[in-house]
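One structure is given here, and the rest of the page talks about it.
The values are calculated or read from the model by the stated rules, or taken from the named source; none is laboratory data. Being a predicted model, the structure only gives us computed values, none of them experimental. Cβ: placed from backbone, ideal geometry, glycine included. Neighbour counts: every protein chain shown.
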Amino acid sequence: MNRFVLKAALVLVLAVFLWVDSTRAAPVIISYSAISPSSASTWMAEEIGAFKKHGLDVQLIYISSSGTNVQALLGGSLHFAGTGATGVVTAAARGADIVAVASGMNRPPVTLYVQPEINKVEDLRGKSLAISSFGSSGHAVTVLVLRKFGLEKDVSLRAVGGVPQRQAAFEQKVVAGFMTLVRPKGAARALLNAADLDIPLGYNWFTTTRKYARENPDTVLRVLRALVEGAGALVHEKERTIKMLSRYLNRTDRPFLEESYEIARKYTDRIPQVDTRSVATVLESSNIKDVKPEALAEQFIDNSFVDRLAKEKFLEKVFGKDLR
């Protein structure tokens, strides 16, 4: 083989290698913080292959509580955290390198389930409610609900872990109740739904670091396109979504799955902009002082990626007449 042919062969091998490398899916680790309908759009994006469609090699992992998710994100274990607003706002207020780029749910459609013998909110006086952890979004919404009824100082809170742990504590009557998107398996009374109390609180914000968003804007857009398509499939493909929910929620009873689907369909945002009002809600329920909500929101909320999808008519294409 003469020198010219050898060089040509090497160039061809290098070109093939570079082409394969350039088409290789970008590895992305995304968390979800609740085994509940609030995570349904993320699960559906994986279910329908939307991440792969947009050139992403995504690993979904479950990490309970917004605070733990934010810690994992800042520690470099995640590229994106799908989590509640509380941990995100708290971290931003402390100067963390964090940015919220989209929202799966901007209202907390969580129901306060209590033991059957409890008939009204006032009956909780002197009793305890379960939360996942202090500083979580569930903690924040529970405090705000109790505050609306003047019971913040009269009801104790017990941090017991994620949805399965809270379900177990409730079934064993360790606690009088808890707020959740997932109806308990045993006997329970639904007292109220937080969304009906008009509490703006992000329940599934998609968050990354400022550094990652700045260095990988195309990846951020591809992730959001996949998540939007997951939400679109959720809205339009009921039976497929119910089968997926059955797997993730580990439940097979049809009435429960129908209810879970309706929660996901009703409250999943079609236009996934981050609602800046959540910042004031979190600050109100926390011990963070001397922080102006408007200034903080401007500092770490970036809706420009969602605005671009809207400008491209991508949201309109996915949701059609269901866009709202």
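Against the test of being in the same structural domain as Thr90 (by TED's automatic domain parsing) and out of contact with any helix residue (DSSP H, G or I) (no Cβ under 9 Å at 6 or more places or on another chain), the options Asn250, Asn216 yield a single qualifying residue, Asn216. Report whether or not Thr142 is among the β-branched types (Val, Ile, Thr) and either closer than 19 Å to Ile63 by Cα or in contact (Cβ under 8 Å) with a residue 40 or more places away in the chain (or both). Considered against the rule, which asks whether it is among the β-branched types (Val, Ile, Thr) and either closer than 19 Å to Ile63 by Cα or in contact (Cβ under 8 Å) with a residue 40 or more places away in the chain (or both), Thr142 comes out as no.
Candidates Gln299, Gln273: the one that is assigned by TED's automatic domain parsing to the domain that holds Lys53, of a type in the set (S, T, N, Q) and not in a helix (DSSP H, G or I) is Gln273. Any residue that is part of a helix (DSSP H, G or I) and in the same structural domain as Arg210 (by TED's automatic domain parsing) - is there at least one of those in the range 92-105? Yes - at least one qualifying residue is present in the range 92-105. Taking the range 302-324 as the range and being in a loop (DSSP other than H, G, I, E, B) and on the phi < 0 side of the Ramachandran plot as the test, the residues that pass are Asp302, Asn303, Glu312, Leu323, Arg324.
Could you run through the range 235-251 and say how many residues are among the polar types (S, T, N, Q) and either at pLDDT 95 or above or part of a helix (DSSP H, G or I) (or both)?
From the range 235-251, those among the polar types (S, T, N, Q) are 241, 246, 250; that's our starting set.
Now restrict to residues that are either at pLDDT 95 or above or part of a helix (DSSP H, G or I) (or both): 241, 246.
Number satisfying all stated conditions: 2.
Being touching an Asp or Glu at 6+ places or on another chain (Cβ under 9 Å), more than 25 Å from Lys317 (Cα to Cα) and in the same structural domain as Ser41 (by TED's automatic domain parsing) is the requirement here; does Lys185 meet it? Criteria not met by Lys185. Within the range 118-136, residues that are farther than 21 Å from Pro108 by Cβ and small (Gly, Ala, Ser) have Cβ atoms under 9 Å from residues that are modelled with pLDDT of 95 or more and surrounded by fewer than 18 Cβ atoms within 10 Å (Cβ to Cβ) in these pairs: Gly126/Asp154; Gly126/Ser156, counting only partners at least 6 apart in sequence or on another chain.
Set side by side, the residues Arg107, Arg166, Arg94, Arg125 differ, and just one is over 16 Å from the mean Cα position of the chain (by Cα) and closer than 18 Å to Ala280 by Cβ, which is Arg94.
Table: residues versus (1) part of a helix (DSSP H, G or I); (2) modelled with pLDDT of 95 or more; (3) assigned by TED's automatic domain parsing to the domain that holds Gly126.
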| site | (1), (2), (3) |
| --- | --- |
| Leu157 | no, yes, yes |
| Gln165 | yes, no, yes |
| Val175 | no, yes, yes |
| Met179 | no, no, yes |
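Of the residues making up the range 122-145, those that are at pLDDT 95 or above, assigned to a helix (DSSP H, G or I) and either hydrophobic (A, V, I, L, M, F, W, C) or at positive phi (or both) number 1.
Only one of Lys243, Lys173 is without any contact (Cβ under 8 Å) to a residue 60 or more places away in the chain and either within 27 Å of Lys317 (Cα to Cα) or surrounded by 21 or more Cβ atoms within 10 Å (Cβ to Cβ) (or both). Can you tell me which? If you could, list the steps in order and put the result at the bottom.
Details: Lys173 fails: either within 27 Å of Lys317 (Cα to Cα) or surrounded by 21 or more Cβ atoms within 10 Å (Cβ to Cβ) (or both).
Criteria check complete, one pass: Lys243.
Just to be sure, is Ile35 modelled with pLDDT of 50 or more and in a loop (DSSP other than H, G, I, E, B)? So Ile35 passes the test.
Which of the residues that make up the range 101-120 are among the β-branched types (Val, Ile, Thr) and modelled with pLDDT of 95 or more?
Hits for the range 101-120 are Val101, Val114, Ile118.
Exactly one residue out of Arg265, Arg222 is over 17 Å from the mean Cα position of the chain (by Cα), assigned by TED's automatic domain parsing to the domain that holds Gly82 and either assigned to a helix (DSSP H, G or I) or free of Cβ contacts under 8 Å to residues at least 24 places away in the same chain (or both), and it is Arg222. Scanning the range 281-290 for residues that are touching a residue at least 24 places away in the same chain (Cβ under 8 Å) and either surrounded by fewer than 17 Cβ atoms within 10 Å (Cβ to Cβ) or outside the structural domain of Pro217 (by TED's automatic domain parsing) (or both) returns Glu284, Ile288. Within the range 107-121, if we keep just the residues that are among the polar types (S, T, N, Q) and assigned to a loop (DSSP other than H, G, I, E, B), the residue that is nearest to Glu171 (Cα to Cα) turns out to be Gln115.
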